[in-house]
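Single-structure report; data block below.
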Amino acid sequence: MNDVTLGSGSLAGKGVYAARNFAAGEVVVAYQLRQLDEADYQALPAGDDLFVHSFGGQRYLYPTPARFVNHSDDPSCYQDFDRCCDIALRPIARGEPVTIDANAETARELSTFLGAYEYALKHRSAHHLAALISGEADLWIDNEVARGGDAVVAALLRAGLTSLSRVEWIIGTGRWKALCSTRAETNLGSQHLTVLLKVLAGNWQIVYQHAG
């Protein structure tokens, strides 16, 4: 953390600042994400849940200082998700805030969730589907309703959903809730699918779906 320092900000009152000058393209903050299962999540110290993000239906905890990099509409860095680092978009002067566009992070959370969901549907994997669907989920399909995670998984497998296309995300209440509109291929042909997700215990989960 020699290249950056912590100061005041909007993430638990903290932000990250450059401790030296950076050139465009330099790695400013590098980090390793810690994967969490539900037991790990529940055992986190108070407040650490704010720094958990969900990619591909899996929880990950951001370490210090990466967890305190603030959002900006004019960010100084972009996130390289494959390399797990924040990279300077332009020259950053010593003492300047290190910022990112947090909307890109939320977009990745949702796109990777949908990728995991489509994989589970294509492979007809009840195990993988169950991990992505809330135990309290509801599904309307073929004019019938399935209530509860197990019933929803069984109904999806019977419907034979295989692929998703024409995806549109509507994020209505920040990064904790999202609505997806998509086309789904099923045993009955192409259907419109509406999916409502919420972050539950640190993980994106499907809580409601409507097909038809």
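Taking the criterion of being among the hydroxyl-bearing types (S, T, Y) and part of a helix (DSSP H, G or I), the residues of segment 113-127 that qualify are Y117, Y119. I'm told A93 meets every condition in (1) in contact with a Phe, Trp or Tyr (Cβ under 9 Å, 6 or more places away or on another chain); (2) surrounded by 15 or more Cβ atoms within 10 Å (Cβ to Cβ); (3) farther than 16 Å from S10 by Cα except one. Can you identify the failing condition by its number? Tallying (1) in contact with a Phe, Trp or Tyr (Cβ under 9 Å, 6 or more places away or on another chain); (2) surrounded by 15 or more Cβ atoms within 10 Å (Cβ to Cβ); (3) farther than 16 Å from S10 by Cα, A93 fails exactly one: (2). Confirm whether I141 is β-branched (V, I, T) and assigned by TED's automatic domain parsing to the domain that holds L61. No: the conditions fail for I141.
Conditions (1) at pLDDT 85 or above; (2) out of contact with any Cys (no Cβ under 8 Å at 6 or more places or on another chain), marked per residue:
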| position | (1), (2) |
| --- | --- |
| R147 | yes, yes |
| W169 | yes, no |
| R175 | no, yes |
| L179 | yes, yes |
| T182 | yes, yes |
| L188 | no, yes |
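Looking only at segment 23-47, residues that are surrounded by 15 or more Cβ atoms within 10 Å (Cβ to Cβ), under 12 Å from G202 (Cβ atoms) and over 18 Å from the mean Cα position of the chain (by Cα) come to 1 in all. Only residues that are assigned to a strand (DSSP E or B), in contact (Cβ under 8 Å) with a residue 40 or more places away in the chain, more than 11 Å from A211 (Cβ to Cβ) and not small (G, A, S) were counted in segment 138-195, giving 5.
Per the conditions (1) of a type outside the set (K, R); (2) at pLDDT 95 or above; (3) touching a Leu at 6+ places or on another chain (Cβ under 8 Å); (4) under 21 Å from I133 (Cβ atoms), the sole criterion not satisfied by Q42 is (3). Against the definition (under 15 Å from A102 (Cβ atoms) and either in contact with a strand residue (DSSP E or B) (Cβ under 7 Å, 6 or more places away or on another chain) or assigned to a loop (DSSP other than H, G, I, E, B) (or both)), how does V28 come out, yes or no? Spelling it out, it is not the case that V28 is under 15 Å from A102 (Cβ atoms) and either in contact with a strand residue (DSSP E or B) (Cβ under 7 Å, 6 or more places away or on another chain) or assigned to a loop (DSSP other than H, G, I, E, B) (or both).
Of the conditions (1) within 17 Å of the chain's Cα centre (by Cα); (2) surrounded by fewer than 19 Cβ atoms within 10 Å (Cβ to Cβ); (3) modelled with pLDDT of 95 or more; (4) not aromatic (F, W, Y), A66 satisfies every one except a single condition; which number is it? Answer for A66: the failing condition is (2).
The values are calculated or read from the model by the stated rules, or taken from the named source; none is laboratory data. It should be emphasised that the depicted structure is a prediction, and the values quoted were computed from it without experimental measurement. Here Cβ is always computed from backbone atoms with ideal geometry, including for glycine, and neighbour counts include all displayed protein chains.
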